[in-house]
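The values are calculated or read from the model by the stated rules, or taken from the named source; none is laboratory data. Predicted, not measured: the structure shown is a model, and the values here were computed from it. No Cβ is skipped: glycine too gets one built from the backbone with ideal geometry, and neighbour counts run over all protein chains shown.
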Amino acid sequence: MAKFIYRMQNILNLDEKLEEQAKMEYATQQMVLNEEEEKEQQLKDRRAAYEEEARRLREESLKVRDMIANANAISIMGGMIEEQHGAVKKEEEKLEAKRQALEEAMKDRKTQEKLKEKAFEDFKMDLAMEESKQIDQLTSYTFGIRKQREKKN
């Protein structure tokens, strides 16, 4: 029996490798985004701690220096949070670009797989037609031999 060989197997293999690479890049970018979001959350937690300290300072005593230092710290944390929020947005955009690249790689691989399946179906059909042709030839041959034998008898 004939063996099926897909002519564009090397392209399919390449598409599979590109998809795997895109998956890895996407996962890496997701990790970077998670780290940036975690940093942002830590900054927000620090600001909340400073705000809590400000409430405590107002309740306990009126130490102006401590209150000014605390207000400056809260202000600085607000700026750092805004900066970190911008970094998070930038990483989200990068992640979206990686996701789109991954989708494109998956589409390319699926297209090649469908082409391979179609080629295999065509191969099976050709093989079935060849077998049918051989059976027809064999049947014709045996029928012809039988007729010759009948004429001789």
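Could you tell me whether segment 86-107 includes any residue that is of a type in the set (V, I, T), more than 30 Å from M8 (Cα to Cα), in a helix (DSSP H, G or I) and within 41 Å of the chain's Cα centre (by Cα)?
yes
For A48, are the conditions met, namely being small (G, A, S), part of a helix (DSSP H, G or I) and surrounded by 13 or more Cβ atoms within 10 Å (Cβ to Cβ)?
Against the criterion (small (G, A, S), part of a helix (DSSP H, G or I) and surrounded by 13 or more Cβ atoms within 10 Å (Cβ to Cβ)), A48 does not qualify.
Among the residues of segment 27-65, which ones are at pLDDT 85 or above, over 14 Å from K89 (Cα atoms) and of a type in the set (D, E)?
Residues satisfying the conditions are D45, E51, E52, E53.
In the set M77, M106, which member is surrounded by 13 or more Cβ atoms within 10 Å (Cβ to Cβ) and over 21 Å from A27 (Cα atoms)?
Of M77, M106, the one residue that is surrounded by 13 or more Cβ atoms within 10 Å (Cβ to Cβ) and over 21 Å from A27 (Cα atoms) is M77.
Got a sec? Which of Q84, Q41 is on the phi < 0 side of the Ramachandran plot, of a type in the set (S, T, N, Q) and in contact with an Asp or Glu (Cβ under 6 Å, 6 or more places away or on another chain)?
Q84
Could you count how many residues in segment 109-153 are over 30 Å from M24 (Cβ atoms), within 32 Å of the chain's Cα centre (by Cα) and free of Cβ contacts under 8 Å to residues at least 60 places away in the same chain?
2
Residues in segment 83-102: is at least one touching a residue at least 12 places away in the same chain (Cβ under 8 Å), within 30 Å of Y6 (Cβ to Cβ) and not basic (K, R)?
Scanning segment 83-102, I find at least one residue that is touching a residue at least 12 places away in the same chain (Cβ under 8 Å), within 30 Å of Y6 (Cβ to Cβ) and not basic (K, R), so the answer is yes.
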